[in-house]
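Here is the structure we will look at.
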Amino acid sequence: MPVPRIITKRLVTLTEAADYLGISVRQLEYLTAAGEIKQTRLPNTRKRLYDIVDLDEFIEHSKIKIG
């Protein structure tokens, strides 16, 4: 019996990345243009993609330390 395989996407679209971060697409575009968040494009494509690892790193660096 084959074992079911769960695939989790590592690269997400602009809209998916904005949803993941809980911000608007416009805000994500601003953060990307400002160099705060990295985006990638696969060879021979024009689609903007975001790596979940980079999004998680942005979240970690954005945390406010209190006390």
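Restricting to region 47-67, and then to whatever is modelled with pLDDT of 90 or more and among the hydrophobic types (A, V, I, L, M, F, W, C), can you tell me which residue is surrounded by the most Cβ atoms within 10 Å (Cβ to Cβ)?
Looking at residues that are modelled with pLDDT of 90 or more and among the hydrophobic types (A, V, I, L, M, F, W, C), I get Leu55.
Between a first residue in region 8-22 that is assigned to a strand (DSSP E or B) and a second residue that is among the polar types (S, T, N, Q), which pairs have beta carbons less than 8 Å apart while being 6 or more apart in sequence or on different chains?
As it stands, the answer is Leu11/Thr40, since those pairs meet every condition given.
Can you tell me how many residues within region 23-55 are of a type outside the set (A, V, I, L, M) and farther than 15 Å from Thr13 by Cα? Outline the logic, then answer.
Quick first cut of region 23-55, residues of a type outside the set (A, V, I, L, M) only: 24, 26-27, 29-30, 32, 35-36, 38-41, 43-48, 50-51, 54.
The next check asks that each one be farther than 15 Å from Thr13 by Cα; those that pass are 30, 35-36, 43-44.
Result for region 23-55: 5.
If you go through region 26-46, how many residues are among the hydrophobic types (A, V, I, L, M, F, W, C) and surrounded by 14 or more Cβ atoms within 10 Å (Cβ to Cβ)?
Residues flagged as among the hydrophobic types (A, V, I, L, M, F, W, C) and surrounded by 14 or more Cβ atoms within 10 Å (Cβ to Cβ) within region 26-46 amount to 3.
The values are calculated or read from the model by the stated rules, or taken from the named source; none is laboratory data. Just so you know, these numbers come straight off a predicted model, no measurement behind them. Note that we place each Cβ from the backbone using ideal geometry, even for glycine, and neighbour counts take in every protein chain shown.
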